[in-house]
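The values are calculated or read from the model by the stated rules, or taken from the named source; none is laboratory data. Bear in mind the structure is a predicted one, so any value in this text is a computation, not a measurement. Neighbour counts are summed over all protein chains in view; Cβ atoms, including those assigned to glycine, are modelled from backbone coordinates with ideal geometry. SASA here: full protein model, heavy atoms, side chains in, ligands and nucleic acids out. Shrake-Rupley method; radii C 1.70, N 1.55, O 1.52, S 1.80 Å.
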Amino acid sequence: MINFEQDLNKEQLAVVQSGDGPCLVLAGAGSGKTRTITYRVAYLLEKGVPPEQILLVTFTNRAAHEMIERVQTLTNTDLPLPWSGTFHHIANKMLRQYATYLGYKNNFTVLDADDSQALIKICIKEFKTTDRFPSAKVVGSIISFARNSQTNIEETIEEKFSAWWHLSKTIGDVSSRYEQKKKESNVMDFDDLLINLALLLNIPGIQEKFSGQFKYILVDEYQDTNKLQANIIDKLAKIHRNILVVGDDAQSIYSFRAADVKNILNFEEKYPEAKTFRLETNYRSHQQILSLANDVISNNRYQYPKQLKAIKEKGVKPNLYPKNDQSDEAEFVVKKINELLEQGTAPHHIAVLFRAASHSQLLEMELAKVGILYDYRGGLRFFDRAHIKDVLSYLRILNNLSDTAAWLRVLLREEGIGPAAANKIIEAVQKLEKIENLKNIAQGLSNKIQTGFNNFLEIFETLLAAYIPENNPGDLIESIINSRYNDYLTTEYLDSEERKKDLEQMAIFANKHKNLSDFLAEASLQESFVKPTAINKNSTDLQKRLVLSTIHQAKGLEWEAVFIINIANDAFPNSRAVSEPNGLEEERRLLYVAITRAKKHLTLTYPMSTQRWGAVAGPSIFLSEINQELIEDHSILSYKSTVFNNNDDDIQYIPEDQPFKIKPGSFLRDLDDL
């Protein structure tokens, strides 16, 4: 028998023993929500509820497997939970039985992401009327968002993908054709699993069957559900209404995937008789960190107020460090990391978190210089990203016309040029005496290949026009950003704006070098250093690496020491996100998630000036909201910068070793801005 009273705190025990009927469990960060859910399932099994009458929905297969294992350990049995898993897993299982009701055969195929894009690409060819048309990946994302948010294509494009508003009708036609082709082929994509399950549950008899079967429904991470998923759960809970949803509105950070925080915020309106439980006892962080988190999220208007309480002893206050610029910030963070390592903190217990991948570049450079290994989460390391490799290849050709590898990369990116044509062009290039004679090569090419080569020339000639040997190499990167390559990024990638920011960061890095050759040599060394090696995750290799991660990828994880960098104006909150409805609140939730990853040490930093955002960066508006008593503000400014008082009168030069207190929101300017 399980001793629930001994194993659980009072908050958790209340959920486990009184979770009948509609229940909303507001589980704060680090409050043991997984433990609570698994004990609730074990409690139901002990009370004699058959496993097949319990529906447990999670957001990842890993979470489902972990919960099943915990339940089996608690109940000391190998009893399976046949209806546990992700939304897509549950949908697939139901549709395998009843797909014929929707015009499919039960042996339908589920398309993976590559298969889906290939089919969309065929559909695009039927309707494409302009050269500048979004890629199959972008079109697929538009279709997927529309379906998961339960909106039409036009509304979705207007709200989320406005760059393609002029093509709304054509993209709508592509979407319709895509649906038709899937039905004809007896295939479904991942979104179809949910769409078709919702349709299946509208059929008389089928909804009653499943709704009657599932006496108890438990949903994990409910704040991350979209409208479609919430609708499915409501239909399945119709008869018994024993629906227990667990989540934290303060950690709802996936609206870009169509997650709708309103699902959790409006749960009590949908189920007026619902009981609300709060898990506010935190087992992860000490109170000083939690007090800062509570203070930050208190500024959100739309939320369930919560106050996280720590069981750990007091620790040190979180620290705030303004730095002169992003290079200074990177050097400082590496210095602090080294101090932690010297004090005995293991590398894998340290994480540096950031709002966007473009924010990590200078830090990666600094880590490479001192030889500190790191594990990058939330995408590829800086010099492994496709657009970075593209731009470096253009620069390498400018520097060395015979660079075959660079030629292959830029040519094979162009439509109409395959490996054979690329090799033919490279052979002709290597016979040239002057780089200015590149145009002449096009004359000997077929029309199809010539079109692709001319597209390459449009970009390269822009670069060539900007090339003066004594100029900063960063100017060359800027010329590529402003060339036809910009159109390529927009049509090919959903996150084109973030990729442009990556390139702008590389331009800043390039400007620190005397000439193009020096920059390319340094970039080559950086690329070599960060090239991923095979990591045995069962070995101690990962324990030798600290973690660099976007905040989105850090959710659900924890570290002894956490650095949150670049909490600067126009960087965090992200300016694009702020322009969207309730975007500022989600950005604030992101900061809350980042803060609550830290167990012992929390350090916040921001640059006072940056080339990317103009002469003045300065602190994020989020920092100006913080109660100053909750944080140690170490505003130490270098003599490189100047401070203006409120009257903009006296300029004060601040020695590098002299502390100077400045509250977030003060104005700092470089001398060049005078």
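For this structure, a couple of remarks:
- Long-range neighbours under 8 Å by Cβ, at least six apart or interchain, first residue more than 18 Å from GLY418 (Cβ to Cβ) within the range 436-461, second surrounded by 20 or more Cβ atoms within 10 Å (Cβ to Cβ) and small (Gly, Ala, Ser): none
- Cross-chain or 6+ apart pairs with Cβ under 7 Å, the range 72-99 first and free of Cβ contacts under 8 Å to residues at least 40 places away in the same chain and farther than 10 Å from LEU193 by Cα, then charged (D, E, K, R) and open to solvent by 10 Å² or more (accessible area, probe 1.4 Å): GLN72/ASP78; PRO82/GLU52
- Applying a threshold of 7 Å to beta carbon distances and a minimum spacing of six or more residues, or different chains, the list of pairs starting in the range 159-176 at a residue that is within 23 Å of LEU119 (Cα to Cα) and ending at one that is open to solvent by 60 Å² or more (accessible area, probe 1.4 Å) and acidic (Asp, Glu) reads TRP165/GLU158; SER168/GLU154; GLY172/GLU154.
Matching residues to (1) over 30 Å from THR156 (Cβ atoms); (2) without any contact (Cβ under 8 Å) to a residue 12 or more places away in the chain:
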residue: PHE214; (1), (2): yes, no
residue: TYR222; (1), (2): no, no
residue: ASN226; (1), (2): no, no
residue: ALA237; (1), (2): no, no
residue: ILE253; (1), (2): no, no
residue: ASN263; (1), (2): no, no
residue: PRO272; (1), (2): yes, yes
residue: PHE277; (1), (2): yes, no
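- Test: residue in the range 121-138 that is over 27 Å from ASP173 (Cβ atoms), in contact with a helix residue (DSSP H, G or I) (Cβ under 9 Å, 6 or more places away or on another chain) and open to solvent by 20 Å² or more (accessible area, probe 1.4 Å): no
- Among the residues listed as LYS275, LYS262, the single one being touching a Cys at 6+ places or on another chain (Cβ under 6 Å) and open to solvent by 30 Å² or more (accessible area, probe 1.4 Å): LYS275
- Restricting the range 397-418 to residues that are modelled with pLDDT under 85 and assigned to a helix (DSSP H, G or I) leaves a set whose member that is nearest to SER517 (Cα to Cα) is ASN399.
- Strands (runs of 3 or more DSSP E) wholly inside the range 552-664 containing at least 3 residues that are modelled with pLDDT of 80 or more: 559-564, 598-607
- Of all residues in the range 162-176 being hydrophobic (A, V, I, L, M, F, W, C) and open to solvent by less than 30 Å² (accessible area, probe 1.4 Å), the one that is farthest from VAL578 (Cα to Cα): VAL174
- The residue that is farthest from the chain's Cα centre (by Cα), among those in the range 398-439 that are loosely packed, with under 11 Cβ neighbours inside 10 Å and under 18 Å from LEU464 (Cα atoms), is GLU433.
- Residues (modelled with pLDDT under 95, at negative phi and part of a loop (DSSP other than H, G, I, E, B)) located in the range 166-201: ASP189
- The range 46-80 - residue that is open to solvent by less than 30 Å² (accessible area, probe 1.4 Å) and at pLDDT below 90 and, of those, nearest to ASP224 (Cα to Cα): ALA63
- If you go through the range 146-165 and keep only what is in a helix (DSSP H, G or I) and not β-branched (Val, Ile, Thr), you end up with ALA146, ARG147, ASN148, GLU154, GLU155, GLU158, GLU159, LYS160, SER162, ALA163, TRP164, TRP165.
- For the range 6-102, the strands (runs of 3 or more DSSP E) that sit wholly inside it and include 3 or more residues that are under 24 Å from LYS209 (Cα atoms) are 54-58, 84-86.
- Among the residues examined, PHE210 qualifies as buried (at least 16 other Cβ atoms within 10 Å of the Cβ) and over 26 Å from ASP249 (Cα atoms).
- As a summary of the residue check, TYR374 satisfies the conditions (1) touching a helix residue (DSSP H, G or I) at 6+ places or on another chain (Cβ under 8 Å); (2) closer than 21 Å to ALA523 by Cβ; (3) surrounded by fewer than 18 Cβ atoms within 10 Å (Cβ to Cβ); (4) not polar (S, T, N, Q) except for the one numbered (3).
- Subset of the range 519-551 that is among the small types (Gly, Ala, Ser), farther than 30 Å from ASN471 by Cα and at pLDDT below 75 - its residue that is least open to solvent (accessible area, probe 1.4 Å): SER539
- Residues of the range 387-397 that are without any contact (Cβ under 8 Å) to a residue 40 or more places away in the chain and open to solvent by less than 30 Å² (accessible area, probe 1.4 Å): SER393 alone.
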